[in-house]
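Report on one structure; see the data block that follows.
The values are calculated or read from the model by the stated rules, or taken from the named source; none is laboratory data. None of the values given here were measured: they were computed from a predicted structure. All Cβ positions, even for glycine, are placed from backbone atoms using ideal geometry, and neighbour counts span all protein chains on display. To get the accessible areas, we keep the full protein, side chains included, count just its heavy atoms, and leave off ligands, DNA and RNA. Shrake-Rupley method; radii C 1.70, N 1.55, O 1.52, S 1.80 Å.
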Amino acid sequence: MQSSMARSVMRLGPVHVVVVAPSPSLRTAIVEWLRSNKRVRIVRAVATLAELGAQHVDCDLVVASALDGPRELRAIAKRFRSQAGLVALTLGTTPLPAGWTGVRPGASQRHVLDHAIPHPERSVAGSWTAISAVLVALAAIVVGSVYIPASGVSYDRAALAYAERFPDTGTWWHIWGAGAPLLAAPSWPLLKLAAATGLGSRAFVLLEVAIAALYGVSFLLLAVRAGARRWALPLALAAVLPPAVWVWPRGGDVTSLAGLAAVVLAVAGSRVTRLRFLAVATAVAVGSFSGIVWVLAAAMVGAVAGIRSRRGRAGVFGAAFGILVSAAVTVPPFLSRGVDALRPPLARAPALSDLVPIVASAALVGIIVASGRMRRVVLALAAVLALGGNALALAVPTDAVSVPRLPSTGAFGRLALHPAQALAMAVQQPDLPTTGDDASAALMLGTLPKDVMNTQLEWLGVDRALPPDRSAALVFNERDWSVLDRDKLLLAAPAVPPLRPLLSAAISNTVLVVADEPDAVTFGEALIHAGVPSGNLVPIRANKLLDDLDTATLQQFTVVAIYGQPWRDRAKAQKVLDAFLQTSGFVFMDTAARAGLQPVMPEARTQRADQVSVVGAEPTLIAGDAGYSGRAVAIDPFTYANDATWERAALVAGDKRLIQFGRVQLQGSSDSFAHLVWSGVDLPRRAADDDTHAITQLRGAFEWLLTAAAAAANLPQQPSFARPTSGNTLDSDAFTASFLSPTHWRITMKQQVTGVLFKERYDDQWRAYQVDVMPLTQQESRTSLPLWETTHGYMYVNLSANARVVDFELQSHPLEAAARAVSALALFVVLGVSFFQWRRR
């Protein structure tokens with residue numbers, strides 16, 4: 001009977017064998033001899049029965065040799081009873097206990113394997129695991145629909161809405177509206193897939209319960225591989241039924257749970273024998289949708305958990321290739337957002353309850369793998385952690401901000417929102433451009449001065465505002481904002497200053513701000529506080545220091561502003577600045593009240609600026625003689641090119657110049673002048689701090705420079721800006737702008753303009769192209785244009801006189817293709833090696 005059963009085992013599938021031999025060399029020899037048969041699976045190879053531990057072991061055959069007397073054989077027979085065949089390799093000199101069959105050395109493998117007895121559970125093991133996995137998945141679906149709120153606010157929810165609204169957007173990320181959600185995240189591929197279902201917000205719940213099911217099945221596999229088959233299903237249900245696992249999904253994080261599932265899968269994979277390489281690599285790849293941190297965590301667990309085993313190298317190589325396979329998912333967000341891509345996609349600040357899933361998972365893993373003398377202690381500690389974590393999970397905060405649904409005015413005007421409402425609006429209406437977090441709470445509450453508020457909102461491209469309450473709406477209405485919808489507190493922007501939409505072309509006054517990044521931002525804020533809208537002056541941030549620029553670059557801008565000490569080589573910077581002045585340059589220079597040597601001008605030294613007077617032929621250029629408190633620097637009397645008429649006006653302390661307006665006629669020309677305004681009192685910082693005296697002086701300095709520049713250039717009057725209307729096309733007398741997609745905008749000029757301002761967040765992957773159409777073939781040719789970043793973080797392009805069509809496109813990072821290639825190659829290697837190992841089995 002046993003022989004026929006053994007033959008059926010050999011005919012239907014593999015034979016699972018436990019080898020017991022005290023001698024390591026003998027044990028290894030028996031194992032290698034048995035493994036020469038491809039159907040043999042070595043379950044365990046131990047020296048004594050005690051090494052098998054108390055956990056249940058499934059096998060078809062036990063092979064023992066050279067044990068110390070019949071007592072060990074009786075203990076083995078008692079444990080396995082009729083569940084497995086018992087074969088002792090012996091010379092036959094000693095009688096064997098009941099149940100054992102003696103086989104002399106030299107017997108064939110077939111003779112030994114004929115004594116195998118199919119395990120009573122083995123025939124249903126595969127179907128049992130599959131049925132358990134289905135039960136866990138169904139439990140996750142039911143519980144997830146209860147725990148996860150139907151509506152909520154998070155970056156992942158906004159990304160899902162964005163992916164559904166713009167399915168053709170092929171880039172990894174985009175910012176829709178100023179400061180709206182950054183969509184670059186490892187979850188983006190899964191969110192795109194979920195968006196393709198067209199289920200809307202329900203796709204978020206569906207995707208999350210699918211990941212939770214994977215999480216529960218991971219515990220099921222871990223329990224099975226750890227030998228706790230009877231407890232596998234209850235432990236897997238304990239992973240998905242309590243509230244602990246749903247902490248992140250309730251907050252809007254859709255994929256971090258996949259990272260935990262990857263770690264558990266890595267632990268289970270480390271217990272696999274021949275296919276450990278594939279198991280660990282798969283676990284690490286699953287973690288990629290949660291980000292680099294989870295990928296590294298899964299890789300570390302997969303490599304370390306099995307490093308002491310015989311196949312430890314398979315775990316290490318599996319972890320390494322898993323990291324390479326995941327590159328296509330984890331690398332693009334990191335390229336787009338840098339370290340910021342590592343943050344969780346929650347709209348709220350991290351809370352203590354966010355640790356609950358990790359604590360609960362660690363407790364369940366401890367329950368499964370605990371063994372030895374410390375088993376009871378580990379089980380007790382794990383139970384306490386699990387109970388405490390689930391209790392804490394009930395206190396997890398959830399965000400559900402209510403915002404009204406509003407009609408869109410098209411892609412060329414933004415809706416100003418309180419930052420607390422911006423993300424909710426992006427989730428509800430992803431096609432509605434908003435100010436996001438660029439509009440501060442103070443701005444939306446109306447606590448800023450009128451000129452500052454209106455100018456800042458004009459710079460944001462705002463055509464409507466949604467104040468957070470009626471008192472703020474009243475303030476907006478008192479500042480020339482008209483009511484569109486009284487019930488929804490929706491207001492329309494005033495006509496003054498004239499609105500310059502998100503994408504517009506004009507004969508623009510531009511100032512190239514040569515400064516360090518913080519100083520450049522301060523300069524832009526100063527212009528806003530001075531009430532200078534984008535239609536009057538566009539501040540461009542230089543991408544190089546002064547000594548690295550050249551005259552041709554400086555001549556592209558109306559005025560060059562040098563703020564602080566933005567140079568490394570002062571002598572070279574002096575040559576650059578002097579050459580620019582010799583070409584009728586217009587320069588505003590402020591040392592930011594920092595003493596030291598400077599190009600062209602004399603050395604700046606610290607000077608009190610509270611007792612001052614005004615000198616010069618045009619004293620009205622100086623905004624009074626009130627002086628300035630705080631830090632300031634001054635220079636000795638100065639004339640450029642030894643021209644006595646240089647100084648037009650100056651604010652002096654004694655004979656030291658705190659502010660100087662200078663103009664000189666260039667040699668060989670009767671109508672060409674160089675203009676320079678120098679300041680040592682840090683006008684931009686003072687203006688940004690709402691110093692009215694500094695605001696007046698800063699505004700007067702630029703009015704003087706721009707008036708002279710306009711007279712010198714003899715440009716036609718600037719075209720008016722059209723107010724955005726509904727739709728994706730904006731038409732005016734000067735241009736026609738078209739919104740083709742969030743990552744592709746086009747503007748067509750009807751008359752000569754000097755530049756295009758695009759009030760979309762600047763990024764290195766945006767590209768600007770001049771499009772030329774061949775008259776005969778109507779084919780388009782494109783020429784790349786330099787893209788400049790404004791001090792407000794937007795984009796500007798200088799145009800030549802023959803430019804008629806300009807495209808703005810957001811392109812993928814060039815290293816994304818390399819990341820995909822690495823992932824594809826690594827995946828090919830993993831599948832190839834795994835197939836080879838499977839064939840060997």
Would you compute the Debye intensity of the stretch 379-455 from its alpha-carbon atoms alone, equal scatterers and no solvent, and pass along log10 I(q)/I(0) at q = 0.15, 0.25, 0.26 Å⁻¹ to two decimals?
-0.65, -1.15, -1.18
Please arrange ARG594, ARG225, ARG104 by accessible surface area, largest first, computed with a 1.4 Å probe and ligands excluded.
ARG104, ARG225, ARG594
Under 5 Å from the placed amide H of PHE588, counting only residues 5+ away or on other chains, we find VAL560, ALA561, ILE562, VAL677
Report D for the stretch 741-834 in µm² per second (integer): Stokes-Einstein, Kirkwood Rh on Cα pairs, 4 °C, 1.567 mPa s.
82
Would you rank THR736, THR455 by solvent-accessible area, highest first, keeping every protein chain in place and using a 1.4 Å probe?
THR736, THR455
Starting from the Cα gyration tensor of the stretch 205-290, multiply each eigenvalue by 5, take the square root, and state the resulting semi-axes largest first in whole Å.
22, 17, 7
Cα pairs beyond 27 Å in the stretch 572-699, in percent, come to 15
Long-range amide H partners of GLU760, meaning residues 5 or more apart or on another chain whose placed amide H is closer than 5 Å, are MET795
Measure off, as a whole percent, the carbon and sulfur share of the 1.4 Å-probe accessible area of the chain, all protein chains present.
58
Which order do the peptides 360-366, 421-427, 89-95 take when ranked by the mean count of other beta-carbon atoms within 10 Å per residue, highest first?
421-427, 360-366, 89-95
Rounded to a whole number, the Stokes-Einstein D of the stretch 560-618 in µm²/s (Kirkwood radius over Cα pairs; 10 °C; 1.306 mPa s) is 121
Under a 1.4 Å probe, counting only protein heavy atoms, VAL293 has an accessible area in Å², nearest 10, of 90
If one takes the longest principal axis of the Cα atoms in the chain, at what angle in degrees, from 0 to 90 and to the nearest 10, does the Cα axis of helix 375-393 lie?
40
So what's the Cα pair-distance distribution over the stretch 508-547, bin width 5 Å, in %?
6, 26, 30, 24, 11, 4, 0
Long-range amide H partners of LEU785 with built H, under 5 Å:
ALA768, TYR769, GLN770
Relative contact order for the chain, counting Cα pairs under 8 Å that sit 6 or more residues apart, in percent:
10
Quick check for the chain: number of Lys pairs with alpha-carbon distance under 30 Å, counting only pairs 8 or more apart or on different chains?
11
When the convex hull of the C-alpha atoms of the chain is computed, what volume per residue in Å³ does it have?
218
Scoring the stretch 29-158 by relative contact order with C-alpha pairs under 8 Å, at least six apart, yields a percentage of 20
Point-charge dipole on Cβ atoms (K/R +1, D/E -1) for the stretch 544-632, about Cα centre, debye to 20
300
Normalised per residue, the volume of the convex hull around the Cα set of the stretch 23-136 (Å³):
122
Using a 1.4 angstrom probe on the protein heavy atoms only, line up ARG605, ARG570, ARG486 by accessible area, largest first.
ARG486, ARG605, ARG570
When the helix-only estimate is applied to the chain (DSSP H runs of n ≥ 4, each -39,500 (n - 2.57), divided by the residue count), what is the mean residue ellipticity at 222 nm, nearest 500 deg cm²/dmol?
-13000 deg cm²/dmol
